[in-house]
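Read-outs: derived from the displayed coordinates by stated rules, not from any lab. Remember, predicted model here, so these are calculated numbers, not experimental data. As a convention, Cβ positions derive from the backbone with ideal geometry for all residues, glycine included, and neighbour counts pool all protein chains shown.
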Amino acid sequence: MFSKKATAVLLLACSAITLPVYAKETVQETDLATEHKTDAHSAVYQTNLWQTPVFTTIITAEEMADNHYETVAEALTYAPGVTVTPGSVNTNHQVVRIDGDDRVAVFIDGRKQNLESGFSDGRATYDLDMTPPVMAIDRIEILHGAVGDSFLNDDAPGGIINIITKKGKEHEFKFEAARGPYDAWRWETQLAGSGKGWSWTATGGRSNLDALHYKSVDGNKETMPNSAVNRREMYFRIDRQLGKNKSLTFTYGHFSNDRGLWYSRRNPTDYNYEKMANHFALTYNYKENTAAPGYISLYHYYNQGDTYRPFGTKDQEAQPSFGRWKTHTNGIDWRDGWRISKDHTISAGLSWRHTSVNNENNYDVAGNPAPGALVPGFPGVDNPNRSFGKNYEKSMSNLNAFVKTVRRFNKLILTGTSGINHNSKFGNHYISSSGAEYRPDKKTTFYGSLQHIYAVPTLDELYYNNQRIQGNPNLEPEKGWKVNAGIRHQFNNKVYADLGGFIGYTKHTILWYYNNATNQWRPDNFGGQHQQGARLAVTSVFSPKYNATFSYTYTNSKTNWGGLDPSYTSEVARHQLKAALRYKDKRWSNNILLTSGFGRNSNWYSGNYFVVDLNMSYKFNKHWSTYLKVHNLFNASYEALGSRNIGDFPAYGRTALFGVIYSY
């Protein structure tokens, strides 16, 4: 029954894109300095993004509000070519992949967020649990492949995600509260305003979802112990206008998250994991509203993770297997640009960051009690002889300096970025990327980019040290290249499409693998990794009230494990389909969202998946509205991760939230 219903929804969404739609007209500018916007696809409709010769996606504040996304991770789930899963080595992490690659650079207001510590999960270096509240976000920009300029991503060939926060404008107060089954609840509030050269936005909230419930591969409804999630978040942004083209921006973000750390259906109850982050940034913007704006940004990130075993108390400090890691990151970013002529601009920049890691644990790994010993203070409780403490104190600094040129020759635009990467442990390395756009007419754009890949090991990969996870100080940096190419075309004023593809190769690939002889996870350099794929996205708005989008993504990644049995597989389905059908008028906003995957490795997965989500909203008046959202409408059984034990890492079954929103 489920298969027939899901197929019907898929056919409905696919057929919707063949109907007439509305799309914004692409403006043909004569000045390169002002010709810097290009159409991009969002999950439900089209908007604009800074010019870049790569496949692009935008998720707007309107879309996030209409679909009542609870987190950035949920919003990214529906974007073409993007996949969000639990970590393949540590299920507590929320990992994002672009084009099947977990090497993704994540930015908040242009500042890179990726960490040198906190992960033991392939090459992912950012946890989506640490993003700002959705209510604080103006838009999310997703760019596949080489970007250059403000978003240097030589170490992240998958692409970049830039989260732009809201700048306060008119005075506004907003409050949202929602409740659902399985002890699901959330609330979020925002206060914003401006006056006398100042503007401000303050956002905060909490959410909770009880233990993961799902339909197993056997068709049984089950619950995963120790898998509840509780999230706390706040974000403040204050802007001060200093003149016509100068301003100062201060931001502070606090994010924390509690997740039960389960390993599999067979071994569900293990450590709990608490994450916390405090981020500060001060940015001076100058030459605003000009062809080549500039800025200087200073920032400090503090991230912390705690692991402890749930022996009947919620006080983590009392846990016998308590372990804590702490990461301090300090950085400075500078960008500036110069307009040489109407067909030639130059920009330059410098990024420096220093990361230090130290760790705390209640007892030394070498002194752990033997298995079977009782835990002091917990009569009858067996000591698991485990600690997740990292047991190292190291630091690393990295400096990137670059120059980017943009030249136009009639209908051809060429870009090139060259720079130097200096790492305190791996020395100097030349980095580069280049791109081109050819526009034969105002409705068609051919684009392409070539990216140089250079990714040094993280501190965790080098120095992690406990009885379960061991770093490798002999690791070498990853090196390689990636090519992106595609075509954007506006068929008429109602249909817009983007078709692209990519191919890449990385040598000295860093992979975590499980050594059965030592019972440890350890990273090593392996032979290489080949990646290739294609993407198609179509936007269609066929009346003022109805629109639809459809995307198809093909990804194929082949990794040389050097003769070892792989410890995990590609977490991205080879064929992905995503579709959205939307209706909106003055009172109603209703959405059907479909995500599906085909061609998953049968040695790791039970099969393909079809997931249908619904969002329905009704606006009573200008102050009050209500909504109902349902995830996995047909309670499909599928896995979030692959496993040698098929069905060992299930995804959430059907969940629902009923909410009320007040705004003034």
Which listed pairs, of Lys169/Lys586; Lys394/Lys558; Lys215/Lys578, have C-alpha distances above 27 Å, in listed order = Lys394/Lys558
Which value, in debye to the nearest 20, describes the size of the charge dipole of the range 79-225 about its Cα centre when Lys and Arg Cβ atoms bear +1, Asp and Glu Cβ atoms bear -1, and nothing else is charged?
-> 520 debye
Across the range 507-514, in residue order, what do the Karplus-derived ³J(HN,Hα) couplings come to in whole Hz, using 6.51 cos²θ - 1.76 cosθ + 1.60 with θ = phi - 60° and x for Gly and Pro?
-> 9, 6, 4, 8, 10, 8, 9, 9
Per residue, the convex hull volume that the Cα atoms of the range 567-613 enclose (Å³) | 73 Å³
Taking all pairs of distinct Cα atoms, average 1/r, flip it, and tell me the Kirkwood hydrodynamic radius of the range 478-586 in Å to one decimal place.
-> 17.1 Å
Hey, got a sec? Which trypsin sites (Lys or Arg not before Pro) in the range 122-179 land in a DSSP loop and have at most 11 other Cβ atoms within 10 Å?
-> Lys169
Considering the alpha-carbon set of the range 450-502 alone, what are its Rg and its Dmax in angstrom?
-> 20.7, 61
What is the mean projected area of the alpha carbon convex hull for the range 180-228, to one decimal in square nanometres?
-> 5.2 nm²
For the range 424-548, max minus min Cα coordinate along each principal axis, in Å, sorted largest first?
-> 61, 36, 24
Translational D (Stokes-Einstein, µm²/s) of the range 151-207 at 4 °C and 1.567 mPa s when Rh comes from the Kirkwood sum over C-alpha pairs?
-> 90 µm²/s
